[in-house]
Amino acid sequence: MLARCRSAALQGLEALTVTVEVDLGPGLPALQMVGLAGTSVQEARERVRSALRHSGFRVPLGRVVVNLAPADLRKEGPGFDLPVALGLLTASGQLPPAALEGVWSSGELSLDGELRPVRGVLAVALRARAEGARALLVPQVNAAEAGLVEGLAIWGVGDLAAAVRQLRKPGATTVVGDPGAAPGGPPAGTADLADVHGQPHGRRALEIAAAGGHHLLLVGPPGSGKTMLARRLAGLLPPLNREQALELTRIHSVAGLLGPGTGLVAERPFRAPHHSCSGAALIGGGSIPRPGELVLAHHGVLFLDELTEFRSGVLDLLRQPLEEGEIWIHRSRQRSRFPCAITLVGASNPCGCGWYGDPERDCRCSEGERRRYWGRLSGPLLDRIDLQVVMRRPQPSALAAPYRQPQSSGAAPEATAAVAARVAAAHRCMARRNPGGVSNARLPGGALHQVLGLEPQALVLWERALRQRRLTARAGERLLRVARTISDLEQQPGVSAAAVAEALTYRSFDGLAES
């Protein structure tokens, strides 16, 4: 007897339809799987046999052929365990064929029949709805994730026996797709900008980065507050809308990072990989491409601490994604697109010993050593970083401020909420003015000319800066983008000379790198 059921295979962030065909015929007992099945899929043979036996079902005697169609699509992962088991039960007459009509399934089986969670269930649910499925059968712990898809019945079950009962009486435990919790702001306990004392230039650069989506480089000696500032950037960004939250949830689902019972990911991500990470770990890869740290930081912050300690080849992989906000990973049989609209924050010491430019500590590095140290960062990569800030160690009086009595202290540093309000106002301004509502950092060049509103004196100052600082065309354009963001923070319709002059102060690294 021949039985068919539907499931899906992951390709990048997409789920592609897979028809699981099970044929039970005469012959010696054997189970053969065809259809370009990977190792983890081939191992389903033993898991399914054991799960059937321990769940009280009869293991079919005879020759079983399982075909995963289409045959030229590579299948990986244990998510095909459940559809294969259901197909076997139907082919052996233990489950009526009508029970599987319009029902998709995905889940890993343990040897005793328990259903374990699988990754990518949200993508599978989206594909099932697009194909007109009436229900999706998944492990219980994946039900909240799949329930984010509206218009599709989600059946979350704990084991194979419960799955069969659900199919025989589908009205008993039907869970209708739940839109999930609305995305909100930063969670309680998020690091607050009020904890940063001193560093007004760095704080202002952080605000501009959050408002315009600009990439940021912080250069300073140990203890100057680079990491402290970087970890507070995500809290300044506006809350995710539902579309962004769903996209982020899909990425984390495919990467296998959603915890048991997790639904919508409503917080902007902050990813901080170690400088020893490989190129595949940073941008993604593998025989079946999976997202890397760059993609996991989508709609959030990617923080590269000790930037100059990363391998040059790894850092140069960021050039195109930073420019385009997406990355394509090509393999011989497929290509996968991953979105990566991030805000990059890099932090580094000014030299190998860390004390170059410090007024109180002597640098032990020679000029050649400093050049080699910064030679690890390519010029094209630095060109793509809009804000480059040299930080100094905060003054002792600033560090002592939180320990003084309230009546003797000066003005307290602004909290995250106050700065985030200005950032949100700037975002609303961009949404009204910029085509597509994109941020200034991602605005196409032609559209930038239309919305810039550069005043005559500002144009003169910008041209002078191009000549004197020998800026590239890309660096010059990014200087204007930063000036536009500064004007948006001030709620100014045009870009003044003062905005261009302030934007120039965030290119202070240029001189340091050349020295």
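The values are calculated or read from the model by the stated rules, or taken from the named source; none is laboratory data. Small disclaimer: the values here were computed from a predicted structure and weren't measured. Backbone-built Cβ (ideal geometry, glycine too); neighbour counts: all protein chains shown.
The residue list L193, L246, L236 contains one member that is in contact (Cβ under 8 Å) with a residue 12 or more places away in the chain and farther than 24 Å from C429 by Cβ, which is L246.
Annotation: of all residues in region 411-453 being over 27 Å from the mean Cα position of the chain (by Cα) and touching a residue at least 24 places away in the same chain (Cβ under 8 Å), the one that is farthest from G213 (Cα to Cα) is A412.
Hey, could you check region 260-294 for residues that are touching a helix residue (DSSP H, G or I) at 6+ places or on another chain (Cβ under 6 Å) and of a type in the set (V, I, T) and say which is farthest from C351 (Cα to Cα)? Per the stated criteria, the residue is V265. When you scan region 53-75, how many residues do you find that are out of contact with any strand residue (DSSP E or B) (no Cβ under 9 Å at 6 or more places or on another chain), aliphatic (A, V, I, L, M) and outside any loop (DSSP other than H, G, I, E, B)? Qualifying residue count for the region: 0. Close contacts from region 40-63, counting a first residue that is surrounded by 14 or more Cβ atoms within 10 Å (Cβ to Cβ) and among the charged types (D, E, K, R) and a second that is at pLDDT 95 or above and not in a helix (DSSP H, G or I), with Cβ to Cβ under 6 Å and a gap of 6+ residues or different chains, come to R47/L109. Here is the figure for region 483-501: residues that are over 33 Å from the mean Cα position of the chain (by Cα) and under 13 Å from W462 (Cβ atoms) total 4. Residue count for region 486-500 satisfying the condition of being crowded, with 20+ Cβ neighbours inside 10 Å and under 14 Å from V423 (Cα atoms): 4. Restricted to region 288-335, and to residues there that are of a type in the set (A, V, I, L, M, F, W, C) and in a loop (DSSP other than H, G, I, E, B), the residue that is farthest from the chain's Cα centre (by Cα) is F310.
Restricting attention to region 346-362 and to residues that are part of a loop (DSSP other than H, G, I, E, B) and in contact with a helix residue (DSSP H, G or I) (Cβ under 8 Å, 6 or more places away or on another chain), the residue that is modelled with the lowest pLDDT turns out to be G357. Being assigned to a helix (DSSP H, G or I) and in contact with a Lys or Arg (Cβ under 6 Å, 6 or more places away or on another chain) is the filter here, so list the residues in region 382-402 that pass it. Passing the criteria: only D383.
Residues in region 16-29 that are part of a strand (DSSP E or B) and more than 15 Å from M1 (Cα to Cα): L16, T17, V18, T19. Across region 280-287, a minimum of one residue is classified as part of a helix (DSSP H, G or I), out of contact with any Asp or Glu (no Cβ under 9 Å at 6 or more places or on another chain) and outside the structural domain of S40 (by TED's automatic domain parsing). Among the residues that make up region 241-256, is at least one of them in contact with a Phe, Trp or Tyr (Cβ under 7 Å, 6 or more places away or on another chain) and surrounded by fewer than 23 Cβ atoms within 10 Å (Cβ to Cβ)? There is no residue in region 241-256 that is in contact with a Phe, Trp or Tyr (Cβ under 7 Å, 6 or more places away or on another chain) and surrounded by fewer than 23 Cβ atoms within 10 Å (Cβ to Cβ).
Against the criterion of being out of contact with any Asp or Glu (no Cβ under 9 Å at 6 or more places or on another chain) and in a strand (DSSP E or B), L136 qualifies. In the set P97, P139, P83, only one residue is touching a Lys or Arg at 6+ places or on another chain (Cβ under 9 Å), surrounded by fewer than 20 Cβ atoms within 10 Å (Cβ to Cβ) and assigned by TED's automatic domain parsing to the domain that holds V34; that residue is P97. Only one entry in W328, W355 is in contact with a Cys (Cβ under 7 Å, 6 or more places away or on another chain) and of a type outside the set (V, I, T), namely W355.
Between A475, A483, A503, the distinction of being in a helix (DSSP H, G or I), touching a residue at least 40 places away in the same chain (Cβ under 8 Å) and crowded, with 19+ Cβ neighbours inside 10 Å belongs to A475 only.
P402 satisfies every condition listed in (1) modelled with pLDDT under 80; (2) in the same structural domain as G220 (by TED's automatic domain parsing); (3) not hydrophobic (A, V, I, L, M, F, W, C) except (2). Contact map, region 143-167: residues that are outside the structural domain of S106 (by TED's automatic domain parsing) paired with residues that are modelled with pLDDT under 95 and surrounded by fewer than 20 Cβ atoms within 10 Å (Cβ to Cβ), Cβ distance under 6 Å, separation 6+ or inter-chain. No pairs are found. Checked against the criterion of being acidic (D, E), in contact (Cβ under 8 Å) with a residue 60 or more places away in the chain and either within 28 Å of E243 (Cβ to Cβ) or crowded, with 17+ Cβ neighbours inside 10 Å (or both), the candidates D316, D305 yield just one match: D305. Looking at T90, is it touching a Ser or Thr at 6+ places or on another chain (Cβ under 9 Å), of a type in the set (S, T, Y) and within 24 Å of K169 (Cα to Cα)? In short, no.
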